[in-house]
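Asks: Pasting in a structure now, in structure tokens, and then I'll have a few things to ask.
The values are calculated or read from the model by the stated rules, or taken from the named source; none is laboratory data. The structure displayed is predicted, hence computed values, not measured ones. Quick reminder, even Gly has a Cβ in these numbers, built from the backbone with ideal geometry, and neighbours come from all protein chains shown. Calculation scope for accessible area: heavy atoms of the full protein, side chains included, ligands and nucleic acids excluded. Shrake-Rupley method; radii C 1.70, N 1.55, O 1.52, S 1.80 Å.
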Amino acid sequence: MRNFTFYSPTFFVFGKDTEKDAGKYVRRFGGSKVLIHYGGGSVVRSGLLDRVQESLRAEEIPYVLLGGVRPNPRSGLVYEGIELCRKEGVDFVLAVGGGSTIDSSKAIAAGVVYDGDFWDFYSGKRITKALPVGTILTIAAAGSEGSPDSVITREDGMYKRGASGDAIRPKFSILNPALTQTLPPFQTACGITDIMAHLYERYLTNTTEVEVTDRLIEALLLTMIHEGPRVIENPDHYEARANIMWAGMMAHNNSCGVGRTQDWNSHNIEHELSALYDCAHGAGLAVTMPAVFSYVMNHNVMRFAQAAVRVWGCQMDFAHPEVTAMAGIQAFRQFLKSIGMPGNFAELGADEKDIPKLVENLCRGDGRKGSISGFVTLTEEDCTNIYKLML
């Protein structure tokens, strides 16, 4: 295990009707004028936005609204939010929605207090200062409600990139599993897939002797395998929703990633798909991960074999561990299919002719030097081969 520091100061408020206290928590964490940032649609139709506004009025906290966040959030709305916050003297950003809304809120919070272009943070500059952010989560998926991370798509070039810094960890996050009960099955399944991806990206490590975090990751993957089908079958199953929601936070606040190298190649490869085709991130990951795993498996076949045995219940073949490893990958692929996720380019809406463009953006775009690194360093040829495995 490697040396590490870990700081996760978010105050979590979990349970039914907790969004009604949002104003109290904004007040507690120093907000005196708030930007409520949201997408639209169900947040408005369900009355959630009204309840949030009422909670702020009860605390006599003024606010301004900025809706319009879309999946794979765009830089244009971030620039609009930065300008609005500066104009209105906002000192707190409250995200009401899923990971896209939270990521957009974090980008705005960082950009308001920065003299340069906020995209600097998505080109490698660490975020060290930002307005405080709070969240009210409506989909268990991205884990942004507890993480120091944000992902934004820059419309000039359609580059999807991430930024990080403890300054954008939410001050508080309100997690009411009941708010996720109205999600369509496809969105629920996308969230489950994203959570499992965050776990696998940490599991694929080149660091040895990390049994504690291995076991934490395995436990959370087993939770998703158990709860995923239950919630797909019965969307109103509150307890299943609750377990998935907390697992989503645990998967990405990095408590499972400390002291070890991590991968993130699957995410990088998928980001080009969702940037180009605007597909759901979880759906893109469902197509990407089995292809990446199959391609890099021999780098450390025992890591994949361990997951196959401990998570997927496969029998260990010590004479041929690659057989066990591949059985685990196939079990994962079958699980994703069982919850309604796509399995190839065609089902995702992607096109083989775009592979050169995907690889160019992935390996050369926005200042990259011809490869991506994680569990394995992947060249342009490797990435081309991986995309072809998705066909």
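Asks: Might you tell me the accessible area per residue for segment 243-391, computed with a 1.4 Å probe and given in Å²?
Replies: Values: 5790 Å² over 149 residues.
Normalised by residue count, the accessible surface of segment 243-391 is 39 Å².
Asks: Further question on the same structure: Rounding to the nearest 20 debye, state how big the charge dipole of the chain is about its Cα centre with +1 on each Lys and Arg Cβ and -1 on each Asp and Glu Cβ.
Replies: Roughly 660 debye, rounded to the nearest 20.
Asks: Classify segment 248-391: rounded, prolate or oblate, from the alpha-carbon gyration tensor (a ≥ b ≥ c, eigenvalue square roots; a/c under 1.5 rounded; otherwise prolate if a/b is larger than b/c)?
Replies: Prolate, since a/c reaches 1.5 and a/b exceeds b/c.
Asks: Toward the positive end of the charge dipole of the chain, about the Cα centre and with charges on Cβ (Lys, Arg +1; Asp, Glu -1), which of MET297, LEU77, GLY374 goes farthest?
Replies: LEU77
Asks: State the percentage of accessible surface on the chain attributable to carbon and sulfur atoms; use a 1.4 Å probe and exclude ligands, DNA and RNA.
Replies: So the carbon and sulfur contribution to the accessible surface is 50 percent.
Asks: Using the Kirkwood formula on the Cα atoms of segment 207-321, what hydrodynamic radius do you get, in angstrom to one decimal?
Replies: After inverting the mean inverse Cα-Cα distance, the result is 16.0 Å.
Asks: Looking at LEU362, ILE102, THR193, which one has the Cα that reaches farthest to the positive end of the dipole of the chain (charges on Cβ: Lys, Arg +1; Asp, Glu -1)?
Replies: Checking the options against the dipole of the chain, the answer is ILE102.
Asks: Relative contact order for the chain: what percent, with Cα pairs under 8 Å and sequence separation of 6 or more?
Replies: Computed over the chain, the figure is 15 percent.
Asks: Determine the dipole magnitude for segment 158-238: charges of +1 sit on the beta-carbon of Lys and Arg, -1 on that of Asp and Glu, nothing else is charged, the reference point is the Cα centre, and the result goes in debye to the nearest 20.
Replies: 400
Asks: Can you tell me which of PHE186, PHE375, PHE318 moves the most in a GNM of the chain? Springs connect C-alpha atoms under 10 Å apart.
Replies: Top of the fluctuation ranking is PHE318.
Asks: Moving to a separate point now. With both partners inside the chain, how many of the DSSP beta bridges are antiparallel, as a percent to the nearest 5?
Replies: Antiparallel bridges make up about 25 percent of those DSSP assigns within the chain.
Asks: Still on this structure, I have one more. Suppose we look only past 16 Å in the calculated P(r) of segment 25-83. What percent of the Cα-Cα pairs does that tail hold?
Replies: The share of Cα pairs beyond 16 Å in segment 25-83 comes to 50 percent.
Asks: Please give the charge dipole size of segment 183-315, origin at the Cα centre, charges +1 on K and R Cβ atoms and -1 on D and E Cβ atoms. Round to the nearest 20 debye.
Replies: The dipole of segment 183-315 has a size of about 240 debye.
Asks: What list of ³J(HN,Hα) values in whole Hz, one per residue of segment 77-85 in order, does the Karplus curve 6.51 cos²θ - 1.76 cosθ + 1.60 (θ = phi - 60°) give from phi, with Gly and Pro shown as x?
Replies: Each residue of segment 77-85 in turn: 5, 4, 4, 4, x, 4, 4, 5, 4 Hz.
Asks: What is the local net charge at ASN253, summed over the other residues whose Cβ is closer than 13 Å to its Cβ (Lys, Arg +1; Asp, Glu -1)?
Replies: Result for the local shell: -1.
Asks: Out of residues 5 or more away from ILE136 or on other chains, whose amide H comes under 5 Å of its own, with H placed 1.01 Å from N in the peptide plane?
Replies: The list, which skips near neighbours in sequence, is ALA95, VAL96, GLY97, ILE174.
Asks: A further question on this structure: If you add up the charges near ASN268, with Lys and Arg at +1 and Asp and Glu at -1, over every other residue whose beta carbon is less than 14 angstrom from its beta carbon, what do you get?
Replies: So the environment of ASN268 carries a net charge of -4.
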